[in-house]
Amino acid sequence: MVTLKVPDMSCGHCVSTVRKAVQGLDPAATVAVDLAAKLVTVESALDAAAIAEAVREAGYENARV
């Protein structure tokens with residue numbers, strides 16, 4: 001399980017974008033988003049670096065593990 005801090009998330013569209021970014025690399029990934037805490041938790045075969053990079057490429061440049 002990987003947890004990312006994504007301070008740039010602010011709305012439901014952000015949640016959808018982050019989910020799509022991760023599941024675009026691993027369709028079987030489980031993505032849970034806590035918008036208030038700005039946290040994304042991912043269960044996936046992908047490593048933390050790949051998940052963080054996918055989220056950054058989706059436009060959330062400050063995403064970090």
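The values are calculated or read from the model by the stated rules, or taken from the named source; none is laboratory data. Just so it is clear, the structure is predicted and the values come from calculations on it, not from any experiment. Because the Cβ atoms are built from the backbone with ideal geometry, glycine has one as well, and the counts that use them run over all protein chains shown. SASA here: full protein model, heavy atoms, side chains in, ligands and nucleic acids out. Shrake-Rupley method; radii C 1.70, N 1.55, O 1.52, S 1.80 Å.
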Regarding region 13-21, can at least one residue be identified that is more than 18 Å from Asn62 (Cα to Cα), open to solvent by 30 Å² or more (accessible area, probe 1.4 Å) and free of Cβ contacts under 8 Å to residues at least 24 places away in the same chain?
no
So Met9 ticks every box in (1) open to solvent by 30 Å² or more (accessible area, probe 1.4 Å); (2) in a loop (DSSP other than H, G, I, E, B) but one. Which box is left unticked?
(1)
Tyr60, sole failed condition from (1) crowded, with 19+ Cβ neighbours inside 10 Å; (2) in contact (Cβ under 8 Å) with a residue 40 or more places away in the chain; (3) in a helix (DSSP H, G or I):
(3)
Select from region 36-58 the residues that are under 11 Å from the mean Cα position of the chain (by Cα) and within 17 Å of Asp8 (Cα to Cα) and list them in ascending order.
Lys38, Leu39, Val40, Thr41, Ile51, Ala52, Glu53, Ala54, Val55, Arg56, Glu57, Ala58
Of the conditions (1) buried (at least 18 other Cβ atoms within 10 Å of the Cβ); (2) in contact with a strand residue (DSSP E or B) (Cβ under 8 Å, 6 or more places away or on another chain); (3) of a type in the set (A, V, I, L, M, F, W, C); (4) at pLDDT 95 or above, Ala32 clears all except one; give me its number.
(1)
